[in-house]
Amino acid sequence: MSRKGNRKPLPPIGDASDKLGMQAMIDDHRTSLEVRNYARDTIRQREKYLRWFAAWCGERGITRPGEVTKPVLERYQRHLYYYRSEDDKPLSFRSQYQHLSHVKAWYKWLARENRVLFNPASELDLPKLGRSLPKAILSASEAEAVLSQPDLGDPHGIRDRAILEVFYSTGIRRRELAGLQLYDIDAERKTLMVRQGKGKKDRLLPIGNRALQWIAVYLEKSRPLLVAGTHCHTLFLSNIGGPLEPDSLTEYVRQYVDAAEIGKRGSCHLFRHTMATLMLENGADIRYIQAMLGHAQLSTTQIYTQVSIKKLQQIHELTHPADRPPSEDEEAENATDDGAAPNDSSSKDDDHPDDAPPAAPVPR
């Protein structure tokens, strides 16, 4: 199994000349996804997971999709559960879900196209996924500490500061930032255009003044020193003058987060979580956050209502009896309990000294 930052070559999967073999069926499925205009990343992910499954089957003498049965898939599911990496770490349930869901989608296509007689994955139960909260959210001061890390005396440092500012201002994904073109930034209208984002959707976003100012500094002082050709329209360039790779962005941002020594780990997505949470705490409507993040479903965005603790803290301080300051009525009541009020009916007068016994009841 491959992990981020530790890319391994995809394993061989049998005889490519067998038209009913794993390789031929995976190739046909990839072509089908391309014809239906699936996103490039989706196609790449689908092929990667299917090749891992096919390699596992090949080790057990299964070379064709039609030879796979439901017990075989259940055995593969157990293999994923018990799998351990070289550093003895298991696959997360989310990763296991990814492996199995791509295999399940493949068999659904195979059955629909009559490539197999039946769909052995139709009743395969996928792992249940909990809705986990982001591991870390930066405060405004912590975000500023990270933003101040790049060396502004170096063209790469100016570029990285502009990159961090765009992440913080817009919350876009790393692949969306890597794909930004020069004409996607409109400084006059203060907008940024994300083209063909997740789900192959475009969206127009606001971008802050400070981020625009750092982009202008980068375009003036840094990009001319990095660009390798006159026809390159990519906004942010790599050290060799070409488009940035998403994995390179991850490494750059992670290094600056670690250098800030704020006790939190993360990379590009850390700024995405931070932007959404801080805007929500400062009064932004959840639907505006949804539009900024490009979420298709509001339920995906609502996770940030669980990490936006500021308003909940305010309500807690105002309503919890241990933290709520006493009201004027409560203060008066407490004063009454401590000492009798001057006009209280229970106060003593001269006719009833403190040491006098209570009066006897009057006989009827």
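The values are calculated or read from the model by the stated rules, or taken from the named source; none is laboratory data. Every value quoted in this text rests on a predicted model; they were computed, and no experiment measured them. Every residue, glycine as well, gets a Cβ built from its backbone with ideal geometry; the counts of neighbours run over all protein chains shown.
Can you tell me which residue is surrounded by the most Cβ atoms within 10 Å (Cβ to Cβ) among those in the stretch 39-83 that are in contact (Cβ under 8 Å) with a residue 24 or more places away in the chain and part of a loop (DSSP other than H, G, I, E, B)?
Per the stated criteria, the residue is VAL68.
When the residues of the stretch 236-253 are narrowed to those that are in a helix (DSSP H, G or I) and among the hydroxyl-bearing types (Ser, Thr, Tyr), which ends up surrounded by the most Cβ atoms within 10 Å (Cβ to Cβ)?
By that ranking, first place goes to TYR252.
Would you confirm whether or not the stretch 132-147 contains a residue that is in a loop (DSSP other than H, G, I, E, B) and at pLDDT 95 or above?
The answer is no, given that none of the residues of the stretch 132-147 is in a loop (DSSP other than H, G, I, E, B) and at pLDDT 95 or above.
From the list ARG265, ARG254, which one is without any contact (Cβ under 8 Å) to a residue 60 or more places away in the chain and not acidic (Asp, Glu)?
The match here is ARG254.
Provide a single number: the residues in the stretch 29-60 that are touching a His at 6+ places or on another chain (Cβ under 7 Å) and of a type in the set (Gly, Ala, Ser).
0
Given (1) modelled with pLDDT of 80 or more; (2) surrounded by 10 or more Cβ atoms within 10 Å (Cβ to Cβ), where does HIS320 come up short, assuming only one miss?
Failed condition: (2).
Pick from ALA143, ALA136, ALA111, ALA121: which is surrounded by 12 or more Cβ atoms within 10 Å (Cβ to Cβ), more than 25 Å from ILE303 (Cβ to Cβ), touching a residue at least 12 places away in the same chain (Cβ under 8 Å) and of a type outside the set (D, E, K, R)?
ALA121
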